[in-house]
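To keep things clear, I will list the structure first and then write my remarks on it.
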Amino acid sequence: MAVELKGRPVVPGEARGVALVSKQSLSFLGGVDPESGIITERGHDLEGRRVEGVILCFPHGHGSTVGSYVLYSLVKRGVGPKAIVNMRADPVVVVGAVIAGVPMVDQIDIDLIEDGALVEVDGTKGTVKILREKPR
């Protein structure tokens, strides 16, 4: 049975995919390689993992406003996330999601989402459905 989490709609749109979940904030500028979509921030709990084609779940963003453009360029190169789920939306991430057309929801307790779970994000309604836990 699916579990539905209700948050705040930030950027409209819908996406379904595998959750990539971090316990740490993320900076797109300097923390994610803009060519490959690999998280490069040293010591980050997702270091070495790709944001390409996932539902990217992390507490909030941090860093320079140029991070908005990095998120946009990741999506335009085809190596960006399908959707973003945050506990607290950061203006840099919001602007990037808006210009890239990436559905986004915040005010979600991401501790309830298991890394690797199949999830569905509705940025218009502000919901995140956990459709299936990570395969064992």
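The values are calculated or read from the model by the stated rules, or taken from the named source; none is laboratory data. Every value quoted in this text rests on a predicted model; they were computed, and no experiment measured them. With ideal geometry, Cβ positions are generated from the backbone for all residues, glycine too; neighbour counts draw on all protein chains shown.
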Inset, instruction - Check whether at least one residue in the range 71-78 is in contact (Cβ under 8 Å) with a residue 40 or more places away in the chain and in contact with a helix residue (DSSP H, G or I) (Cβ under 9 Å, 6 or more places away or on another chain), and report yes or no. - result: yes
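Among the residues of the range 92-113, are any part of a loop (DSSP other than H, G, I, E, B), within 15 Å of F28 (Cα to Cα) and either touching a residue at least 12 places away in the same chain (Cβ under 8 Å) or out of contact with any Asp or Glu (no Cβ under 6 Å at 6 or more places or on another chain) (or both)? Show your work before the answer.
Let us first name the residues in the range 92-113 that are part of a loop (DSSP other than H, G, I, E, B), namely 101-103, 107-109, 113.
After this cut, where a residue has to be within 15 Å of F28 (Cα to Cα) as well, the list is 102.
Still in the list and also either touching a residue at least 12 places away in the same chain (Cβ under 8 Å) or out of contact with any Asp or Glu (no Cβ under 6 Å at 6 or more places or on another chain) (or both): 102.
Scanning the range 92-113, I find at least one residue that is part of a loop (DSSP other than H, G, I, E, B), within 15 Å of F28 (Cα to Cα) and either touching a residue at least 12 places away in the same chain (Cβ under 8 Å) or out of contact with any Asp or Glu (no Cβ under 6 Å at 6 or more places or on another chain) (or both), so the answer is yes.
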Inset, instruction - Determine whether E52 is acidic (D, E) and touching a strand residue (DSSP E or B) at 6+ places or on another chain (Cβ under 8 Å). - result: no
Legend entry - For D106: the one exception among (1) charged (D, E, K, R); (2) touching a Lys or Arg at 6+ places or on another chain (Cβ under 8 Å); (3) farther than 21 Å from L46 by Cα: (3)
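Can you confirm whether the range 81-94 contains a residue that is hydrophobic (A, V, I, L, M, F, W, C), in contact with a Lys or Arg (Cβ under 6 Å, 6 or more places away or on another chain), at pLDDT 95 or above and closer than 17 Å to L5 by Cβ? Spell out the reasoning first.
First pass over the range 81-94, keeping only residues hydrophobic (A, V, I, L, M, F, W, C): 83-85, 87, 89, 92-94.
With in contact with a Lys or Arg (Cβ under 6 Å, 6 or more places away or on another chain) added as a condition, the list becomes none.
No.
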Legend entry - Search result, residues across the range 70-90 that are assigned to a helix (DSSP H, G or I) and closer than 17 Å to G123 by Cβ: L71, Y72, V75
